[in-house]
C-alpha cells in the first residue's frame, strides 16, 4: 500500500517536455555520499547499517526540500513493489538485495529521490524530462548543500568524496541522459556512435542502467569517471557529447524520410496498427513497437496521440506496473493479455 499513491501520478521525467524531448527522454544527476568514519554499506554490521539508515532518514526529512517526502523501507514491501520502484527508476537492483536497513525517500513528482544503504550510504538522484542536465544539477547541488549542514560526509583533501567504488571517488557525481535513437539503429550507425562516445570517456547502457540491453532503442549515456574534474565540467562535457549524438539522430531521421520514406512510414504504421489491435503482447515486443510509435509521433506521422502518452506506456506496460494496476499477482501469460488491453485503451484515449 505504501507505494500505491505513485501509481496515480506521472513521473516528471516521463512528461515528454523540455529541450530536445523528441530525442532526449530524460536527464539525471546522481550524487554518492558516505558518512564520515562509518564503514561502507558492504562492510558495516547490521547495527551500524541501522544507525546509518535512521540518521540519514532523519537528516533528509529535516531539509525543506524533502520534509514531505515518501519514505519506503525495503524490508516492508514485497517483491512486486520493489520491482515497481525499479521500473520507475526510483531504486537500483542493488537496493533490492538484502533489503534490511535500506530505504528510498521520494520527493514531490518523483523529481528527487534518495537511496539509503545502497552501495554507498546515500545516493541522491534528480531526474527531469528532456535535455535538462543543468536543472538536475541545480536541484541536486541545493539538496546536497542542505545535507552537508546535517551530516559530515567522508571527504579527503586529495581524493575528494570517498565512495565504495573507486570510479565514483572525487565528486561522487554521475550525470546521464536517456536517448531514444531508433533512426541511428535503423541506419546501422549506432555502433559507430557508441564506440566514439566510449573513447571520449562516456559509457552507454540500456533503459535500466548497468547490465541491461538497449530495449526500445533507448540508450543511457553517462560519464565514467568522477575524479579529477569539477561537477560543472563533467556536466558540460556530457552536454557537448549529447548534442553531437542528438545531431546524428536528427540527420538519420532526415535521411530516412528523404531516402526511405515509404519504408519508414510502413514500419511506423504497422507498429501502431499492431498495438491498437493486438490482444496478446509481451514486454520486449511492446518496447519495440512503442519505439516506432514514438518515432512516428515525434516526426509528425502519427497525430492522434502525444509523446507523453507514449512515454507513459513504456512504464505502465512493465510487469510490476501491470500487477499494481490490476491489484494482484499475474502470470506471464496474464500480463501479456492485460498489457495488450491497456495499450489498446490508452491509444484510443479511453
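At-a-glance table
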| item | result |
| --- | --- |
| Any chance residue 187 is touching a helix residue (DSSP H, G or I) at 6+ places or on another chain (Cβ under 7 Å), farther than 23 Å from residue 267 by Cα, in the same structural domain as residue 120 (by TED's automatic domain parsing) and buried (at least 16 other Cβ atoms within 10 Å of the Cβ) | no |
| Complete set of residues in the stretch 11-22 that are crowded, with 18+ Cβ neighbours inside 10 Å and in a loop (DSSP other than H, G, I, E, B) | 11, 15, 16, 18, 20, 21, 22 |
| Filter result for the condition that a residue is assigned by TED's automatic domain parsing to the domain that holds residue 243 and under 30 Å from residue 249 (Cα atoms), over 97, 126, 104, 151 | 126 |
| Options 334, 265, 323; residue that is touching a residue at least 40 places away in the same chain (Cβ under 8 Å) and outside the structural domain of residue 133 (by TED's automatic domain parsing) | 323 |
| Cβ-Cβ under 8 Å pairs, at least 6 apart or on other chains, the stretch 232-260 side at positive phi and free of Cβ contacts under 8 Å to residues at least 12 places away in the same chain, far side surrounded by 17 or more Cβ atoms within 10 Å (Cβ to Cβ) and assigned to a helix (DSSP H, G or I) | none |
| Selected residue [touching a strand residue (DSSP E or B) at 6+ places or on another chain (Cβ under 8 Å) and surrounded by 14 or more Cβ atoms within 10 Å (Cβ to Cβ)] from 272, 251, 311, 260 | 311 |
| Subset of the stretch 104-126 that is outside any loop (DSSP other than H, G, I, E, B), in contact (Cβ under 8 Å) with a residue 60 or more places away in the chain and touching a strand residue (DSSP E or B) at 6+ places or on another chain (Cβ under 8 Å) - its residue that is nearest to residue 34 (Cα to Cα) | 122 |
| Test for residue 142: is it closer than 29 Å to residue 242 by Cβ and touching a helix residue (DSSP H, G or I) at 6+ places or on another chain (Cβ under 7 Å) | no |
| Any hit, the stretch 223-244, residues being in a helix (DSSP H, G or I), at pLDDT below 90 and either within 25 Å of residue 90 (Cα to Cα) or within 19 Å of the chain's Cα centre (by Cα) (or both) | no |
| Number of the condition not met by residue 300 [criteria: (1) crowded, with 21+ Cβ neighbours inside 10 Å; (2) on the phi > 0 side of the Ramachandran plot] | (1) |
| Single residue of the stretch 91-103 satisfying the filter (touching a residue at least 40 places away in the same chain (Cβ under 8 Å) and assigned to a loop (DSSP other than H, G, I, E, B)) that is surrounded by the most Cβ atoms within 10 Å (Cβ to Cβ) | 102 |
| Residue tally, condition surrounded by 20 or more Cβ atoms within 10 Å (Cβ to Cβ) and touching a residue at least 60 places away in the same chain (Cβ under 8 Å), over the stretch 337-346 | 2 |
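The values are calculated or read from the model by the stated rules, or taken from the named source; none is laboratory data. Note that the coordinates shown come from a computational prediction; the quantities given were computed from them, not determined experimentally. A quick note on method: Cβ atoms are made from the backbone with ideal geometry, for glycine too, and the neighbour counts reach across all protein chains shown.
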